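The values are calculated or read from the model by the stated rules, or taken from the named source; none is laboratory data. Note that this is a predicted model, so its numbers are computed, not measured. Neighbour counts are summed over all protein chains in view; Cβ atoms, including those assigned to glycine, are modelled from backbone coordinates with ideal geometry. When the accessible area is computed, the model is the full protein with side chains, heavy atoms only, and any ligands, DNA or RNA have been set aside. Shrake-Rupley method; radii C 1.70, N 1.55, O 1.52, S 1.80 Å.
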Amino acid sequence: MILFTFIKDISKTKLIVLASVFLTVFGNYAFFTNVITVYPVNLSNIPFLFSLTLLVNSVLVVILALVCHGIFTKPLLIIVLIVSSITAYFMDSFNLVIDDVMIQNIFETNLNESIDLISIKLALYFMLIGVVPSILIYRIKTIESSVKSNITSNIKLFSIAMILAILCMVSLGSTYATFFREHKPLRYYSNPLYWIYSTVKYVKTSFTPQITTLKSVGLDAKIPVTDIDRELIIFVLGETARSDRFSLNGYSRQTNPFLEKIDLISFTNFWSCGTSTSVSVPCIFAKIDNGNYNAQKAKNSENLLDILSLSGVNVFWLDNNSDSKGVAIRSSYDDYSTNANNPVCDVECRDEGMLTNLQKKIDSVKKGDIFIILHQMGSHGPAYYKRYPAAFKKFKPTCESNQLQNCSDEEIINTYDNTILYTDYFLSKTIDILKLNDRKFETAMFYVSDHGESLGEGGIYLHGMPNMIAPDAQRHVPAIMWFGENFDGADLGKLKAQRNREFNHENVFHTLLGMMEVETDVYDPALDILHAP
């Protein structure tokens, strides 16, 4: 601060350089920490590490020189500093990557989820890396010049920075060739370079002319007249659950004491479409072509719920999470995240609140099959300690904070395992309701989590990593099926024999169509878990 107090009457190009140096040094702890794991600090690597630091700074100067002109220089630098301070906090604390998907998650996060992320450490990052330097930039008196002179200065700065960046790469060409080819994920941690790139990518996608006509899918969908029995299927859409934390799948702790008493199938080799809710939820309900999920196409196309509704199925979405991510926009939707609908609320509204009036909803449907989605709050982090009632605080000591990096591994694991324990209870209560309806319906429950979670392994927390670098913990998810006494079409012996077979979210679409006995050309029996060869 004292240094900046004595800086007066400087050019705006020098201000750009100062801001760039500040961000390179103080905003890139995660970047250089990850780099050093690959290129340890020793005599042979010091030239490259120094060169890389210079390269990151030069590229940042190039970008800022392109956009910071005249009266816009200070406001843009302040915006970059503020956003970079928050980015630095999440990358340094949780080893997260801020890509375009994460930016989408930020815009789609509700107030309660945002509050869970607030901490004293975040406030310190915000103040020290964002607010304080922003105030200094605002107060520094810059030399005013003509538009022409300003543009000329920026061109000179751009050229010098570009030449310097090129020299860095040319001087250590072979090392940089390996760096860019073999260690591409490292660039995801560069701050603010990668979040700027990701923001541009997100904005470009968001403002691309949208297809106004919704693409119809499965227009031939129908329930055969020979199917005279009514189906009641509940699909439980889990949140942030890991397969390896279910004792049903071999976890040493008993996290499934309720489900272990029930005859069901728990699939041990199930994988998610993405590592975030905003990707995985639409993906689960979309018709995926050749295994390639396209978010934009999915958004502009009808989904599984539309197909079921078209065939005459009564569809209900009950949500105790943020929302359906656009999936249930044309379906019956009830929000249970507040006590307006949810009668089971303490520090937050509980998943089991979705079950309180579920039987009344079932009884109100006098005709046709019923398909119900229960979207859990589940194990959403980082405030795991909020995700279960006090009665489920079995594993202790727990992490009573959203600052996971300040808790021990034992505390984090204990707290997370308690969330799985509560999900186990919730699923068993869901099955209890289905059992009450066995005489009137063919009943079944299918549970799948949207994605997994990192609990500090390798210094990584939470979820949302790009698929190409995401650890298995973020994509290996639990999947459970239960069938009522009268359910026709499930070979339990075969399913149990295939419980270790690899499946993924793409299978859910076809499996649910098969469970509901809907006939349509978009249904592929080879991808239906119940009928796959």
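Each Lys and Arg Cβ is given +1 and each Asp and Glu Cβ -1; about its Cα centre, the chain then shows a dipole of about 2220 debye.
What does the charge add up to near K386, with Lys and Arg as +1, Asp and Glu as -1, over the other residues with Cβ less than 14 Å from its Cβ? Write down the numbers at each step before the final one.
On the way: positive: R350, R387, K393; negative: E113, D116, E239, D346, E348, D351, E400.
In short, -4.
Within the straight-line cut-off of under 20 Å between alpha carbons, the aspartates and glutamates reachable from K215 are D289, E302, D306, E506, E519, D521, D524, sequence neighbours fewer than 8 places apart in one chain being disregarded.
Given a 1.4 angstrom probe, I'd like the percentage of the accessible area of the stretch 297-386 that is carbon and sulfur, rounded to a whole number. List each step's numbers first, then the result.
Working: 1650 of 3390 Å².
About 49 percent, which is the carbon plus sulfur part of the accessible surface.
Listed by chain and number, the lysines whose alpha-carbon sits under 20 Å from that of K184, ignoring those within fewer than 8 places in the same chain, are K201. A simple spin-label model places pseudo-atoms 7 Å from Cα toward Cβ; at K204 and L164 they are separated by 2.7 nm. In the chain, with Lys and Arg counted as +1 and Asp and Glu as -1 at Cβ, which of these residues, T240, I529, T24, has the Cα nearest the positive end of the dipole, that is, farthest along it? Most positive-ward Cα: T24. For T226, neighbours were defined as the other residues whose beta-carbon sits under 11 Å from its Cβ, and their charges (Lys and Arg +1, Asp and Glu -1) total -4. Here is the short version for the chain: C68, C168 have no other Cys C-beta closer than 4.7 Å. The trypsin sites (Lys or Arg not before Pro) of the stretch 446-533 that meet both conditions, a loop assignment by DSSP and at most 15 other Cβ atoms within 10 Å of the site Cβ, are R501. Ignoring lysines fewer than eight residues from K393 along the same chain, the ones with Cα atoms less than 22 angstrom from its Cα are K261, K429.
What are the DSSP H helices in the chain that stretch 30 Å or more along their long axis, judged by alpha-carbon atoms, and whose average Kyte-Doolittle hydropathy comes to at least 0.5? Could the numbers behind the result be given before it?
Values: long enough: 46-67 (32 Å, 2.57); 73-94 (31 Å, 1.50); 147-171 (36 Å, 1.45); 409-436 (41 Å, -0.10).
Going by DSSP H runs, the hits are 46-67, 73-94, 147-171.
Multiplying the sequence separation of L49 and V147 by 0.36 nm and subtracting their Cα-Cα distance, what value in nm do you get? List each step's numbers first, then the result.
Details: separation 98, 0.36 × 98 = 35.28 nm, distance 3.76 nm.
Gain on extension, L49 to V147, equals 31.5 nm.
Out of the total accessible area of the stretch 121-280 (probe 1.4 Å, heavy atoms of protein only), what percent is carbon and sulfur? Carbon with sulfur: 66 percent of the solvent-accessible area. Only the Cβ atoms of Lys and Arg (+1) and of Asp and Glu (-1) were treated as charged; on that basis the dipole of the stretch 406-500 about its Cα centre amounts to roughly 460 debye. Surface composition of the stretch 49-102: carbon and sulfur atoms hold 87% of the protein heavy-atom accessible area at a 1.4 Å probe. Pairs spanning more than 25 Å between alpha-carbon atoms, out of K360/K435; K148/K204; K361/K394; K366/K496; K74/K148: K148/K204; K361/K394; K366/K496.
Which chymotrypsin sites (Phe, Trp or Tyr not before Pro) in the stretch 427-533 sit in a loop by DSSP (not H, G, I, E or B) and have at most 16 other Cβ atoms within 10 Å of their own Cβ? Before the final figure, lay out the partial values.
Values: sites: F441, F446, Y447, Y461, W482, F483, F487, F503, F509, Y523; in loops: F441, F487, Y523.
Answer by residue number: there is no such site.
Give the accessible surface of the chain per residue, rounded to a whole number of Å², with probe radius 1.4 Å and ligands, DNA and RNA excluded. Provide the component values of the computation, followed by the final result.
Details: 23780 Å² over 533 residues.
About 45 Å² of surface per residue is accessible.
Roughly how big is the stretch 195-332's charge dipole about its Cα centre, with Cβ charges of +1 (Lys, Arg) and -1 (Asp, Glu), in debye to the nearest 20?
On the way: 14 positive and 13 negative charges, 121 e Å.
It comes to approximately 580 debye.
The trypsin sites (Lys or Arg not before Pro) found in the stretch 245-274 that occupy coil by DSSP, while having at most 15 further C-beta atoms within 10 Å, are R253. Here the extension length gained between V21 and F107 equals 28.0 nm, from 0.36 nm per residue of separation less the Cα-Cα distance. At 222 nm, what value in deg cm²/dmol follows for the chain if DSSP H runs of at least 4 each add -39500 (n - 2.57) and the sum is divided by all its residues, to the nearest 500? Per the formula, -13000 deg cm²/dmol.
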